[in-house]
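Asker: Handing you a structure now.
The values are calculated or read from the model by the stated rules, or taken from the named source; none is laboratory data. Source: prediction; values computed, not measured. Glycine gets a Cβ as well: all are built from the backbone with ideal geometry, and neighbour counts include every protein chain shown.
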Amino acid sequence: MSAAAVLTGDAEALAVAAELAADFRKGAAERDARRLLPHAEVERLSQSGLLAVTVPARYGGADVSHQTLAEIFRLLASADASHAQIPQSHFVYINVLRRQGTAQQQEFFFGEVLAGKRFGNAQSEAGTAHVQDIRTRLARRPDASYVLDGVKHYSTGALFAHWIPVLARGDAALAPVLSDDWTGRIVSTLTPGILRDLARHFGGHGPDLLPCGAEQEIEAIGRLCEQGINGAAQRAGAHSGDRAARDLALATLLRALDLLERRLVSGRHLLGGELTLADVQVWVTLVHLDTVHRHHLDAAAVHRVTEHPRLWAYARRLTAHPAFGSRLALDAIARRHHAHCRGEEAAGAAVQIVDWAAHTRAHTRQGAPEPA
């Protein structure tokens, strides 16, 4: 497969869509009458760059508007309805990645899409009691591999796809999930996504965690947590990689912590005087950094991480709040880490940054809820 074109904006995307629609229109009736699958036409869609137009700009995509995307679909559908139907799930999953994907997932899969790869779909099942009765199962085997077992029904675009997202049920959730009880679909699996959706759709009974006008700044801090701290700390502790890559990752991690340290010079919270979603995301990230990533960093790296006194004092202060410390399940974090981590433990494991357990014991003595 040759390299796909990378479109630069809305105007170019619409021009390409109009050109392709004119070509697709010529053979549409014959393909429909003879039930010919449009493999060549779908491949032209990929190579044209149209299937990557919603990839975010920071990953190299055109990031076109919703109005432009709708017009692209209208142009394609007016020529051959199949060409608007086949890629619908492809764009759905690009949006899922955009909203919920980790930094590593976004970097990899957006790169795949820009290279011309397509997503399919395998969600719906026939013969079940209702839409949330999903019988496909994903089971973990003793050797840490997985077995996917089930039958899907409507699988739009799967025949033309390079990647097929599958909806399945696995073991009990080992991490926070926000799910739709009616459809059975997991809406969010990452803490920032869960908190954002709860604050946006179910707020009103506590502090305004997502104040109007602060959305972009909160999202920027969320990206800093995911890419600058979690992602960088994981790479810095990957002892299978080369030393230069680990040093670069550590430098990225320290720069992110420096940025947060400077933000706390003039206020008790990251966005000023009030608690917001940014504080929750950073607190969760710092807990993870100290209770998980620290175990794979060398002692010198951990000491450099500790050289942010305002940031760690801020973490302790938030942990002392019942809404934070009383819900900190350290045993569950440790069990999940030991069950899934394949990395080597390093000397940093002996250098604890925050005594998180002291805060959880204090809340338990005060009659706070048991950790969840």
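Asker: Just one of the numbered conditions (1) farther than 19 Å from TYR93 by Cα; (2) surrounded by 13 or more Cβ atoms within 10 Å (Cβ to Cβ) is not true of VAL53; which one?
Answerer: Single failed check for VAL53: (1).
Asker: Please specify each residue of segment 108-129 satisfying the condition of being free of Cβ contacts under 8 Å to residues at least 12 places away in the same chain and outside any loop (DSSP other than H, G, I, E, B).
Answerer: Of everything in segment 108-129, just one residue is free of Cβ contacts under 8 Å to residues at least 12 places away in the same chain and outside any loop (DSSP other than H, G, I, E, B), namely PHE108.
Asker: Here is a further query. Considering segment 159-177 alone, what residues qualify as being of a type in the set (A, V, I, L, M, F, W, C), at pLDDT 50 or above and in contact with a helix residue (DSSP H, G or I) (Cβ under 8 Å, 6 or more places away or on another chain)?
Answerer: Across segment 159-177, the qualifying residues are PHE160, ALA161, TRP163, ILE164, VAL177.
Asker: If I ask for residues that are exposed (fewer than 13 other Cβ atoms within 10 Å of the Cβ) and at negative phi, which ones from segment 123-145 would you list?
Answerer: Residues satisfying the conditions are ALA126, ALA129, HIS130, ASP133, ARG141, PRO142, ASP143, SER145.
Asker: Here's another thing I want to ask about it. Out of segment 23-50, which residues are within 14 Å of ARG74 (Cα to Cα) and buried (at least 16 other Cβ atoms within 10 Å of the Cβ)? Let's see the steps before the verdict.
Answerer: Of the residues in segment 23-50, the ones within 14 Å of ARG74 (Cα to Cα) are 24-25, 50.
Answer for segment 23-50, where residues must be within 14 Å of ARG74 (Cα to Cα) and buried (at least 16 other Cβ atoms within 10 Å of the Cβ): PHE24, LEU50.
Asker: Of all the residues that make up segment 1-22, how many are in a helix (DSSP H, G or I) and exposed (fewer than 14 other Cβ atoms within 10 Å of the Cβ)? Before you say what the answer is, go through the steps one by one.
Answerer: The first filter runs over segment 1-22 and keeps only residues in a helix (DSSP H, G or I), leaving 10-22.
Of the ones still in play, those that are also exposed (fewer than 14 other Cβ atoms within 10 Å of the Cβ) are 11, 15, 19, 22.
Count: 4.
Asker: So, of the residues in segment 298-324 that are modelled with pLDDT under 90 and under 25 Å from the mean Cα position of the chain (by Cα), which turns out to be surrounded by the most Cβ atoms within 10 Å (Cβ to Cβ)?
Answerer: Here the answer is PHE324.
Per-residue answers, yes or no, for (1) in contact with a helix residue (DSSP H, G or I) (Cβ under 6 Å, 6 or more places away or on another chain); (2) under 27 Å from VAL64 (Cα atoms):
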| site | (1), (2) |
| --- | --- |
| VAL96 | no, yes |
| GLU107 | no, yes |
| LEU114 | yes, yes |
| THR128 | no, no |
| GLN132 | no, no |
| LEU138 | no, no |
| ASP143 | no, no |
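Asker: In segment 149-160, is there at least one residue being touching a residue at least 40 places away in the same chain (Cβ under 8 Å), of a type in the set (Ser, Thr, Tyr) and more than 30 Å from ALA232 (Cα to Cα)?
Answerer: Yes, that holds for at least one residue.
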